[in-house]
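Comments concern the structure below.
Any read-out appearing in this document is the output of simple, stated calculations on the displayed coordinates, not a laboratory observation. Keep in mind the model is a prediction, meaning the values are calculated, not measured. Here the Cβ is made from the backbone with ideal geometry for all residues, glycine too, and neighbour counts use every protein chain on show.
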Amino acid sequence: MRRLLQAPNLAIAAMWVDTLREAGITASVERQFLSGAAGQLPPDQCLPEIWIAHEEQEGAARALLDQLQSLPQRRWQCTCGEVVEGGFESCWNCGRPMP
């Protein structure tokens, strides 16, 4: 087993592990329930961690996670004039769907 990195929260950790598994990399989330100990333990020691089972897959796993973390954010302008950023598929101002 090899530790790849810490995730900022459990939701992102689960998404990263699912993506690694879809790519054929045996991965797991560790420290997933430790966030409740933050305050008793240093906060940086309570973040979920991504681990892989086979060290020879480390390069591919790191490359995939680097690719995931550097995805460009979408940005589009609604017909009402608002600029919508991120993964939103409808305008926050008027509710129109993304063109």
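Laid out as a table, the results:
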read-out: Cα pair distances exceeding 22 angstrom across the chain, given as percent; value: 48
read-out: Isolated Cys residues of the chain, judged by Cβ distance under 4.7 Å to other cysteines; value: 46
read-out: Two-site label geometry, residue 83 and residue 9: point separation in nm, points 7 Å out along Cα→Cβ; value: 2.5
read-out: On Cα atoms only, tilt of 10-22 relative to the major axis of the chain in degrees; value: 80
read-out: Spin-label model distance (nm) - residue 30 vs residue 63, 7 Å beyond Cα toward Cβ; value: 2.5
read-out: DSSP loop chymotrypsin sites (Phe, Trp or Tyr not before Pro) with at most 16 other Cβ within 10 Å excluded, longest remaining stretch of the chain; value: 34-87
read-out: Full-extension gain in nm, residue 90 to residue 70, via 0.36 nm per residue minus C-alpha separation; value: 4.9 nm
read-out: Mean ellipticity per residue at 222 nm, deg cm²/dmol - from DSSP H runs of n ≥ 4 across the chain, formula -39500 (n - 2.57); value: -8000 deg cm²/dmol
read-out: Highest-MSF residue in the chain out of 81, 39, 59 [GNM, Cα springs under 10 Å]; value: 81
